[in-house]
């Protein structure tokens, strides 16, 4: 119990000199820490504002901001302990080794992360777009760090890894704002072809979901063994597309039936919805 007072008595002057010598370092380190914390907050707000202006995806914006903030915090911590006189080379080596080990163990995940970065930077699609990729079609509901979330027409949720998504073909049905339907309709050989085309054209013209520009077209697509196939190509906005296709097919069938024009049991859309 008497060792500590005796130690202080015997080494008091030495301790005092050490404190006097160390105090400026401590003050400097604390000032750097306070200023650094404030600067990191300011930088975070500026970066988030820039990302909003550049229309970055919210998920990726938050993730990138968090990565940047943590990197700055680690850098600030290294500078802080360095000002206190702590050797930082071993600390930096440990961080580097840890980062390498994590990177090697997460190669697949890093590939998906890089794919997500490419998707955000080059923007082949955005949240709300309808796309076809990896054999599925759906509306993009969320672009996460490692996967993209799609919602299909029957309300199924599909997660596609961003690595595979960014390295393969993506069909974006929403980017142009409008979309053309490529419909095939078959009529008998003895049907009045001119009258048939006039009726179909009339149906397209009267449907308010069919765009006037570009103008819809009705042309002969193929001559098969038992029918004449007509290609019907109306345009619609993305929002009206599905309803427009349904209405046009129904109206054409009813109008041709009323006109006594025989249709063949073949009707389909040649491209996927």
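The values are calculated or read from the model by the stated rules, or taken from the named source; none is laboratory data. A quick note: this is a predicted structure, and the numbers were derived from the prediction, not measured. Every residue, glycine among them, receives a Cβ derived from its backbone with ideal geometry; neighbour counts consider all protein chains shown.
Summary table below
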| item | result |
| --- | --- |
| Residue count for the range 209-226, restricted to those that are in a loop (DSSP other than H, G, I, E, B) and touching a helix residue (DSSP H, G or I) at 6+ places or on another chain (Cβ under 6 Å) | 3 |
| Residues satisfying the stated conditions in the range 138-166, i.e. in contact with a strand residue (DSSP E or B) (Cβ under 7 Å, 6 or more places away or on another chain), farther than 18 Å from residue 64 by Cα and surrounded by 15 or more Cβ atoms within 10 Å (Cβ to Cβ) | 138, 139, 140, 149, 150, 151, 158, 160, 161, 165 |
| Residue check, residue 236 assigned to a strand (DSSP E or B), touching a strand residue (DSSP E or B) at 6+ places or on another chain (Cβ under 6 Å), at pLDDT 90 or above and under 26 Å from residue 173 (Cα atoms) | no |
| Selected residue [within 38 Å of the chain's Cα centre (by Cα) and buried (at least 17 other Cβ atoms within 10 Å of the Cβ)] from 207, 172 | 207 |
| Qualifying strands (runs of 3 or more DSSP E) (wholly inside the range 145-205; at least 2 residues being in contact with a helix residue (DSSP H, G or I) (Cβ under 9 Å, 6 or more places away or on another chain) and either in contact (Cβ under 8 Å) with a residue 60 or more places away in the chain or more than 16 Å from residue 129 (Cβ to Cβ) (or both)) | 178-180, 183-187 |
| Considering residues of the range 49-83 that are surrounded by 13 or more Cβ atoms within 10 Å (Cβ to Cβ) and not in a helix (DSSP H, G or I) only, the residue modelled with the lowest pLDDT | 57 |
